[in-house]
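As structure tokens, the structure follows; a few thoughts come after it.
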Amino acid sequence: MTLSTFNTSSGDLEFRFEDLMEKIDSIIVQNSELKNSVEVMSSKYDEFLGRVATLEAERIEDKKKIQLLEEKLEQMERKTRSTGIEIRNIPKTDGETKEDLCSLVLNMGTSLNIDVKSSNIKDIYRLKSKDNSHPIIVDFTTVVTKEKVMGGVKKFNKSKAKEAKLNTNHLKINGPLAPVYVAECLTYRAQKLFYIARAFQRSHGYQFCWTANGVVYLRKKVNDPQIRITSEADVEKLKCTE
């Protein structure tokens with residue numbers, strides 16, 4: 001190999017080496033930039049996770065506040081209905097007045113052997129309903145009167161044959177004999193819960209489902225303890241134990 005050839009090869013290698021170093025430097029710069037980008041993204045991801053955790057904590061707190069407000073609203077609504085009863089399956093007559101409705105309640109009191117006076121009734125009216133049943137709402141002046149009537153109905157119907165239980169004849173209503181149903185005035189939430197509890201009662205062989213002071217209860221057998229139902233979750237728990 002001549003000197004000129006060696007110099008040419010050496011120069012070529014030097015050029016390739018410099019080119020390689022430039023590429024390595026470029027890769028180092030790119031890696032550094034990539035590292036910085038990853039660190040920025042990681043920081044933003046951590047910030048995002050922090051925001052998600054904060055929002056989740058706020059959501060849980062808001063849910064607790066909403067539940068608390070719903071419970072307070074339910075208590076207030078239950079209190080406003082604490083003196084009321086609902087009478088169903090009473091045929092509506094043309095030109096019916098509040099006095100007519102009051103007379104039905106007084107007649108019912110007489111049949112139940114309960115002293116109910118007009119002065120015990122704060123208000124009375126019919127509700128509009130999609131099925132045209134138009135139940136009668138009676139708002140008594142005191143909870144005592146309401147509980148006396150509810151207890152009287154329960155005592156009157158107890159151990160009687162179906163046809164002898166409280167009916168239109170006991171309220172001195174002319175026409176075909178028809179059963180009369182008396183229940184507490186429930187809040188919308190309690191009505192829905194009562195409906196769910198009764199469906200569970202029928203499908204799972206529970207003998208009793210009732211309400212007292214606006215609260216829903218279940219009992220499987222006569223001597224079993226009563227089960228207070230405060231939410232749909234309570235019914236779901238019972239389903240899991242069956």
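If I take every Cα pair under 8 Å that is 6 or more residues apart in the chain, average their sequence separation and divide by the length, what percent do I get for the relative contact order?
15
How much length is gained on full extension from Q191 to E74, taking 0.36 nm per residue of separation minus their Cα-Cα distance?
Difference between extended and current length: 40.9 nm.
Over region 105-242, what relative contact order in percent results from Cα pairs under 8 Å that are six or more residues apart?
Taking the mean separation of contacting Cα pairs over the length of region 105-242, I get 14 percent.
Could you work out the local net charge near S231, counting Lys and Arg as +1, Asp and Glu as -1, over the other residues with Cβ closer than 13 Å to its Cβ?
-2
So between Y125 and R51, what do we pick up on full extension, going 0.36 nm a residue minus the alpha carbon distance?
21.2 nm
Mind scanning K160/K239; K165/K220; K117/K154; K117/K155; K155/K239 and naming the pairs with a C-alpha gap bigger than 25 Å?
K160/K239; K155/K239
Compute a Gaussian network model of the chain, connecting alpha carbons closer than 10 Å, and tell me which residue from I121, I66, I85 fluctuates the most.
It is I66.
Counting Lys and Arg as +1 and Asp and Glu as -1, what is the net charge of the other residues whose Cβ lies under 9 Å from the Cβ of L193?
0
Just grab the label-to-label distance for K44 and S32, each label 7 Å out from Cα along the Cβ direction, in nm (one decimal).
Rounded to a tenth, the inter-label distance reads 2.2 nm.
Please list, ordered by chain and number, the residues whose modelled amide H lies under 5 Å from the amide H of H134; skip anything fewer than 5 residues away on the same chain.
Sorted by chain and number, the residues that satisfy this are S129.
Per 10 Å bin, what is the whole-percent P(r) computed from every C-alpha pair distance within region 187-242?
Cα pair-distance distribution for region 187-242, in percent: 25, 63, 13, 0.
Mind giving me the FRET efficiency for T97 and A212? R0 is 22 Å, r the Cβ-Cβ distance, nearest 0.05 is fine.
The computed FRET efficiency comes out at 0.10.
When you count, for each residue, the other Cβ atoms within 10 Å and take the mean per peptide, how do 216-223, 72-79 rank with the highest first?
Top of the packing list down: 216-223, 72-79.
Taking only the alpha-carbon atoms of the chain, what semi-axes of the equivalent ellipsoid follow from 5 times the gyration tensor eigenvalues under a square root, in whole Å, largest first?
Its equivalent ellipsoid spans semi-axes of 83, 20, 16 Å.
Rank V144, V52, V182 by mean-square fluctuation in a GNM of the chain with C-alpha springs under 10 angstrom and give only the top-ranked residue.
V52
Consider all pairwise Cα distances in region 79-162 and report the whole-number % of them above 17 Å.
Across region 79-162, Cα pairs with separations above 17 Å total 48 percent.
If you add up the charges near R126, with Lys and Arg at +1 and Asp and Glu at -1, over every other residue whose beta carbon is less than 12 angstrom from its beta carbon, what do you get?
Around R126, the surrounding residues sum to 0.
Each value in this text was obtained by applying a stated rule to the coordinates, not by laboratory testing. Everything numeric in this text was worked out from a predicted model, so none of it was measured. Glycine gets a Cβ as well: all are built from the backbone with ideal geometry, and neighbour counts include every protein chain shown.
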